[in-house]
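The values are calculated or read from the model by the stated rules, or taken from the named source; none is laboratory data. Since we're looking at a predicted model, the values are computed, not measured. Because the Cβ atoms are built from the backbone with ideal geometry, glycine has one as well, and the counts that use them run over all protein chains shown.
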Amino acid sequence: MPDRFLRHSIKTVSERTGLSPHLIRAWERRYETILPERTDGNQRLYCDEDIERLALLKRATESGHPIRTVARLPIEELRGLAPQLPDGDQSVIGAQPLQAGSSGPRSARTGPELVESALRAITSMDASALESVLEEAVLSLGQVAVLSHVIGPLVQRVGDGWQAGTLKVGHEHLASAVIRTFLANAARPFAVHASAPMLVATTPSGQVHEIGAALVSAAAANKGWRITYLGPSLPAEEIASAAHQSHARAVALSLVHPADDPQLPEELRRIQRLLPDSTTLIVGGAAVDSYEKTLQQIGAKVCRSLNDFSAVLDGLRQGSN
């Protein structure tokens, strides 16, 4: 039986359940899955029953049950829902066998399947369903892969749908809010060293679609960069000021819409002129091709994918760019 009195750190709980510390905290905050005790220093402490409950929730969500529907079920019901562990795996205390007639675990869905599910949630204006898909994606793919295989393609599909008229402004706002919060919560659970390079991420004046900037912020954080995220649509002076004050190694801009802003080329030139000589300007997003001539003239690093962005960051950190 679980020991209700033995206490464990969140690191231990993460190791024993396979859940990241971020996801454990997110489930607590959003769904009140468990209520851990706190030390005088506000550190979480978990008992064995908490660990069993979290592990059962992980297995239930992996078998297809949305976390929002199972988060507060009694532990006896969770034992009935969760699929049986493979033979010899007794990592969950008190794990129970499958009930008669219950199905085994559902195969993990691929990135494209998860993107389609996320789009259905956005189309239905179902924020909770979108959150569940993103949480499933993290469990299936991990925090790094989910950026390039789910969120990156999803951002592109939402942008395409908005411009084609198949998605409305409300759909995009819902997607932006959920994805932005998800990316903020997915930041590294431990502090980046003070000597790590700094990245400033934003969109230039007139570019109000911010998911791309939030996405590259999360990608850079996962690569060990410190991040200053400024939100959307900032004038050149504000962007340059933030770069100077933070001693940024790079500034990342996202260009999505409009793709024919007559003011933007000069704004991009102003940003480049005002940045410190030691700061590299990185530009990506769906509209980069429309401003390619200007970007080439000012010497910006153009990224058309997260892989491109990752390669530029690696080059900067190694001093080759």
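Does A259 count as surrounded by fewer than 23 Cβ atoms within 10 Å (Cβ to Cβ), more than 30 Å from G142 (Cα to Cα) and within 25 Å of the chain's Cα centre (by Cα)?
Numbers: surrounded by fewer than 23 Cβ atoms within 10 Å (Cβ to Cβ): yes; more than 30 Å from G142 (Cα to Cα): yes; within 25 Å of the chain's Cα centre (by Cα): no.
Taking the combined requirement at face value, the residue does not satisfy it.
Does any residue of region 262-271 turn out to be of a type in the set (A, V, I, L, M) and under 27 Å from the mean Cα position of the chain (by Cα)? Walk me through how you get there before you give the answer.
Of the residues in region 262-271, the ones of a type in the set (A, V, I, L, M) are 264, 268, 271.
Adding the requirement that they be under 27 Å from the mean Cα position of the chain (by Cα) leaves none.
Taking every residue of region 262-271 in turn, none turns out to be of a type in the set (A, V, I, L, M) and under 27 Å from the mean Cα position of the chain (by Cα).
Just one of (1) under 15 Å from L316 (Cα atoms); (2) surrounded by fewer than 20 Cβ atoms within 10 Å (Cβ to Cβ); (3) not polar (S, T, N, Q) trips up E237, so point out which.
The failed condition is (1).
Every residue in region 158-183 that is in a helix (DSSP H, G or I), touching a Phe, Trp or Tyr at 6+ places or on another chain (Cβ under 9 Å) and without any contact (Cβ under 8 Å) to a residue 12 or more places away in the chain, please.
Of everything in region 158-183, just one residue is in a helix (DSSP H, G or I), touching a Phe, Trp or Tyr at 6+ places or on another chain (Cβ under 9 Å) and without any contact (Cβ under 8 Å) to a residue 12 or more places away in the chain, namely V169.
Just to be sure, is T166 modelled with pLDDT of 85 or more, surrounded by fewer than 20 Cβ atoms within 10 Å (Cβ to Cβ) and touching an Asp or Glu at 6+ places or on another chain (Cβ under 9 Å)?
Considered against the rule, which asks whether it is modelled with pLDDT of 85 or more, surrounded by fewer than 20 Cβ atoms within 10 Å (Cβ to Cβ) and touching an Asp or Glu at 6+ places or on another chain (Cβ under 9 Å), T166 comes out as yes.
Consider Y291 against the criteria (1) surrounded by fewer than 20 Cβ atoms within 10 Å (Cβ to Cβ); (2) part of a helix (DSSP H, G or I): it satisfies all of them except one. Which criterion is unmet?
The number of the failed condition is (1).
How about region 6-31: which of its residues are under 21 Å from the mean Cα position of the chain (by Cα) and either within 17 Å of I75 (Cβ to Cβ) or of a type in the set (A, V, I, L, M, F, W, C) (or both)?
Those that are under 21 Å from the mean Cα position of the chain (by Cα) and either within 17 Å of I75 (Cβ to Cβ) or of a type in the set (A, V, I, L, M, F, W, C) (or both): I10, T17, L19, L23, I24, A26, W27, E28, Y31.
Find the residue count for region 115-157, including only residues that are closer than 23 Å to K168 by Cβ and either in the same structural domain as V216 (by TED's automatic domain parsing) or not in a helix (DSSP H, G or I) (or both).
Initially, region 115-157 is screened for residues closer than 23 Å to K168 by Cβ, giving 115-134, 150-157.
After this cut, where a residue has to be either in the same structural domain as V216 (by TED's automatic domain parsing) or not in a helix (DSSP H, G or I) (or both) as well, the list is 124-126.
Residues in region 115-157 being closer than 23 Å to K168 by Cβ and either in the same structural domain as V216 (by TED's automatic domain parsing) or not in a helix (DSSP H, G or I) (or both): 3 in total.
Taking A248 as the residue in question, decide whether it is outside any strand (DSSP E or B), surrounded by 18 or more Cβ atoms within 10 Å (Cβ to Cβ) and in contact with a strand residue (DSSP E or B) (Cβ under 8 Å, 6 or more places away or on another chain).
Details: outside any strand (DSSP E or B): yes; surrounded by 18 or more Cβ atoms within 10 Å (Cβ to Cβ): yes; in contact with a strand residue (DSSP E or B) (Cβ under 8 Å, 6 or more places away or on another chain): yes.
Answer is yes for this residue.
Which ones in region 262-288 are surrounded by 13 or more Cβ atoms within 10 Å (Cβ to Cβ) and of a type in the set (S, T, Y)?
Within region 262-288, T279, T280 meet the criteria.
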